[in-house]
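Step one of this worksheet: look at the structure below.
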Amino acid sequence: KNTLYNGRWTIPTFEEVLRWAEKEGRRRGRPVWLHAETKHPSYFRALGLGLEEPLARLLRRYGRDRRNSAMFLQSFEPSSMRRMAKLVSSPRVVLLSAASERPWDFVEAGDPRTVADLVKPEGLAWISSFAQGIGPTLDLVIPKDASGRLGEPTTLVRDAHREGLILHPYTLRNENSFLPLDFRRDHGLEPAVAANEYGDVFAAYRRYFATGIDGIFTDHPDTGLLAAADFGD
């Protein structure tokens with residue numbers, strides 16, 4: 001439903017986002033955290049448009065370059081976070097897609113490792129040498145069976161925590177079409193209509209939070225905050 005706002009506002013630059021966060025932080029009396037991703041960094045570097053160096057300059061300018069900054073840097077390409085580690089001390093996160101996939105920078109470098117290799121203890125130990133967290137798909141935390149229902153949690157949370165890594169898996173959405181089969185509710189509607197209706201997402205949050213994850217990506221932060229408060233209580 002966010003397309004309702006198409007054409008109403010322009011897309012902000014990252015510096016405008018930093019200025020907004022600084023202003024809002026002063027107004028609220030506490031820092032506004034940001035999650036910033038270097039998107040397709042190998043592609044842009046090949047064009048002579050490296051993302052990491054200008055990003056680091058902006059982080060330094062706005063005081064978000066320190067180890068305790070209210071800032072997460074992230075990328076699906078581990079080499080981007082290794083590069084950022086040499087430029088700033090801001091917390092860094094390696095995003096992890098499906099187990100069978102290879103990060104694009106691995107493909108270009110001829111590194112045969114897949115995500116399945118990176119979520120093993122030795123892969124997590126390697127990531128912890130230059131990053132503070134991982135952002136795996138939810139399926140890497142709790143896989144689904146052939147019917148689409150949740151199975152048993154993997155050891156990923158335990159293994160990552162053992163290496164000192166935080167976990168922010170992605171992405172939990174409210175609509176039936178995105179939820180595991182366990183939490184879909186048809187509300188007596190036709191399947192095509194029910195797909196876009198909300199399911200029992202609070203139960204889904206409880207299931208994922210129970211694994212010990214440290215946070216979660218969601219397209220519905222209002223729901224996520226309520227679920228987190230419920231689970232904390």
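The values are calculated or read from the model by the stated rules, or taken from the named source; none is laboratory data. Fair warning: this is a prediction, and the values are worked out from it, not measured in the lab. When we count neighbours, we look across all protein chains shown, and the Cβ atoms used for this are built from the backbone with ideal geometry, even at glycine. Remember, those area values only see protein heavy atoms, side chains included, never the ligands or the DNA or RNA. Shrake-Rupley method; radii C 1.70, N 1.55, O 1.52, S 1.80 Å.
Descriptive notes on the structure:
- Subset tally (residues that are β-branched (Val, Ile, Thr), surrounded by fewer than 20 Cβ atoms within 10 Å (Cβ to Cβ) and in a helix (DSSP H, G or I)) for segment 172-215: 1
- Segment 133-148: number of residues that are under 15 Å from residue 74 (Cβ atoms) and surrounded by 21 or more Cβ atoms within 10 Å (Cβ to Cβ): 4
- Within segment 205-233, the set of residues being of a type in the set (A, V, I, L, M), more than 22 Å from residue 161 (Cα to Cα) and touching a helix residue (DSSP H, G or I) at 6+ places or on another chain (Cβ under 9 Å) comprises 226, 227.
- Odd one out for residue 141, checked against (1) among the aliphatic types (A, V, I, L, M); (2) touching a Ser or Thr at 6+ places or on another chain (Cβ under 6 Å); (3) closer than 30 Å to residue 3 by Cα: (3)
- Extreme residue, least open to solvent (accessible area, probe 1.4 Å), among residues of segment 216-233 that are of a type outside the set (Ser, Thr, Tyr) and in contact with a strand residue (DSSP E or B) (Cβ under 7 Å, 6 or more places away or on another chain): 224
- Filter result (small (Gly, Ala, Ser) and either surrounded by 17 or more Cβ atoms within 10 Å (Cβ to Cβ) or over 21 Å from residue 45 (Cα atoms) (or both)) within segment 99-131: 99, 100, 116, 123, 125, 128, 129, 131
- Top-ranked residue of segment 1-29 - restricted to ones that are of a type outside the set (Lys, Arg) and open to solvent by 100 Å² or more (accessible area, probe 1.4 Å), ranked as farthest from residue 58 (Cα to Cα): 4
- Among the candidates 95, 58, the residue that is at pLDDT 95 or above, within 20 Å of residue 34 (Cβ to Cβ) and in a helix (DSSP H, G or I) is uniquely 58.
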